[in-house]
Amino acid sequence: MELEEMKSLWNDMSQKVDQQKVLTDKLIIDLTQERYENKLRHISIPETIAALICFAVVIYLISNFGLLDVWYLQLSGAITIISCLILPILSLKSIQQMKAINISKNTYKESLTKYAKGETRFMLLQKISFYVSFLVLILSVIAFSKIMKGIDVFTVTEKLNWLVPSGIGVLYIFTQWVLKKYKKATTSANNILKELEL
Amino acid sequence: MHTKKEFIQDIKENEGIIYKVTRIYSNNTEDQNDLYQEIVYQLWKSYNSFKGNSKISTWMYRIALNTAISNLKKEKRRGSQVSIDNLLLNQMNEVDTVMVERITLLYAHIKELSIVERGIILLHLEGKNYDEIATITGFTTTNIGTRLARIKQKLKTQIKK
């Protein structure tokens, strides 16, 4: 297929597409309304549930903080509380950044730049969130074990013997996966930025 | 203030633009339908910002392309959709099989281009001149010329393969 042939084929296709009036008034209205409802659903449910879980954890830990009687248990509890307050805020902020493109005002070039920069920031945040979440998971297990079962995991050496190596193993596997994903997404975003500069 | 009736009329007159943009930025029918719906929604949302300073089609290209870009990073968590599967397929119903194959090949070549280049080649194939492409995309007219020359060269190499 030659380039001129490509253009002529495009024209033929355009004519056919233009002739076929398939959108009805009702369908257009349905498309806009259904989308609006979907958007409300998407924004509210996952983020609200995640934030509620985090805040429930914070309230539970604060109200039982007195049961954490050793400094390292208190430190685990405090870090878990702070992280559970910060992570939902970071999550909401990243969602706001994803919506930064002004569809009606931006040009194609501006949208691409914002997309590529937003993607890089978002992936960095994802990477940080992953490590923080993993740390919070470990720290919350320590704090919850003490509060709910009265167990200080640092004194249960036989459990630590297999818990620590398996924890490191899981962390290693997930880290490799996250890094691979991060590298791929940022390379693609950086390529767009480079191309825009040409 | 535009009315719903005017919006419907404008969409109906330019529905081909939405179809073509969705086709070059989607990899399957599901994604295409999702993008199609998103573009119609964004056009509706931005409709009152259209002051009539440019052609309605120019404004639609801008919204459609921006929506396609902003849709690239969205997670694929979809809710229910209005069923438009048949709608998109119907666009080609009356076209013969050979033409469908050639069009599929044409889109395949376009999709091999980068995200940046796809929008520019689309506007070029749509018969827009350098100035119009520059207005819609935000690149300078000279830059559009350079980019198109590069794209043509790239397509030539691809097609020869």
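If you scan the stretch B:17-39, which residues turn out to be within 12 Å of chain A (Cβ to nearest Cβ) and either without any contact (Cβ under 8 Å) to a residue 40 or more places away in the chain or not in a helix (DSSP H, G or I) (or both)?
B:35, B:38, B:39
Of B:105, B:88, which residue is at pLDDT 85 or above, assigned to a helix (DSSP H, G or I) and within 10 Å of another protein chain (Cβ to nearest Cβ)? Show your work before the answer.
Details: B:88 fails: at pLDDT 85 or above.
Result: B:105 is the single residue among B:105, B:88 that is at pLDDT 85 or above, assigned to a helix (DSSP H, G or I) and within 10 Å of another protein chain (Cβ to nearest Cβ).
Test of understanding: among A:153, A:178, which residue is at pLDDT below 85 and either farther than 30 Å from residue B:71 by Cβ or in contact with a Leu (Cβ under 7 Å, 6 or more places away or on another chain) (or both)?
Values: A:178 fails: either farther than 30 Å from residue B:71 by Cβ or in contact with a Leu (Cβ under 7 Å, 6 or more places away or on another chain) (or both).
Result of the check over A:153, A:178: A:153.
If you scan the stretch B:138-161, which residues turn out to be without any contact (Cβ under 8 Å) to a residue 24 or more places away in the chain and in contact with a helix residue (DSSP H, G or I) (Cβ under 7 Å, 6 or more places away or on another chain)?
Answer for the stretch B:138-161, where residues must be without any contact (Cβ under 8 Å) to a residue 24 or more places away in the chain and in contact with a helix residue (DSSP H, G or I) (Cβ under 7 Å, 6 or more places away or on another chain): B:138, B:139, B:140, B:141, B:145, B:152, B:156.
Which of the numbered conditions does residue B:42 fail, given that it passes all the others? Conditions: (1) under 21 Å from residue B:132 (Cα atoms); (2) buried (at least 20 other Cβ atoms within 10 Å of the Cβ).
(1)
Report yes if residue B:62 is crowded, with 17+ Cβ neighbours inside 10 Å and at pLDDT below 90, otherwise no. Let's see the steps before the verdict.
On the way: crowded, with 17+ Cβ neighbours inside 10 Å: yes; at pLDDT below 90: no.
When the stated conditions are applied, residue B:62 does not pass them.
Checking residue A:103 against (1) over 19 Å from the mean Cα position of the chain (by Cα); (2) within 30 Å of residue A:68 (Cβ to Cβ); (3) surrounded by 14 or more Cβ atoms within 10 Å (Cβ to Cβ), which test does it fail?
Going through (1) over 19 Å from the mean Cα position of the chain (by Cα); (2) within 30 Å of residue A:68 (Cβ to Cβ); (3) surrounded by 14 or more Cβ atoms within 10 Å (Cβ to Cβ) one by one, residue A:103 breaks only (2).
Could you run through the stretch A:189-198 and say how many residues are at the interface with chain B (Cβ under 9 Å from one of its Cβ atoms) and either assigned to a loop (DSSP other than H, G, I, E, B) or of a type in the set (S, T, N, Q) (or both)?
2
Name the residues in the stretch B:40-55 that are more than 10 Å from chain A (Cβ to nearest Cβ) and within 16 Å of residue B:66 (Cβ to Cβ), would you?
As a first pass, look at the stretch B:40-55 and keep what is more than 10 Å from chain A (Cβ to nearest Cβ): B:51-55.
Scanning the stretch B:40-55 gives a single hit, B:54.
Could you list all residues from the stretch A:130-181 that are under 19 Å from residue A:84 (Cβ atoms), within 25 Å of the chain's Cα centre (by Cα) and small (Gly, Ala, Ser)?
Step one: filter the stretch A:130-181 for residues under 19 Å from residue A:84 (Cβ atoms), giving A:130-148.
Narrowing the set further to residues that are within 25 Å of the chain's Cα centre (by Cα) leaves A:130-141.
Hits for the stretch A:130-181 are A:133, A:140.
Is at least one residue of the stretch B:113-125 over 18 Å from residue B:18 (Cα atoms), more than 9 Å from chain A (Cβ to nearest Cβ) and at pLDDT 90 or above?
Yes: the stretch B:113-125 contains one or more residues that are over 18 Å from residue B:18 (Cα atoms), more than 9 Å from chain A (Cβ to nearest Cβ) and at pLDDT 90 or above.
The values are calculated or read from the model by the stated rules, or taken from the named source; none is laboratory data. Worth saying up front: this structure is predicted, and the values here are computed from it rather than measured. Heads up, the Cβs are rebuilt from the backbone with ideal geometry, glycines too, and the neighbour counts pull from every protein chain shown.
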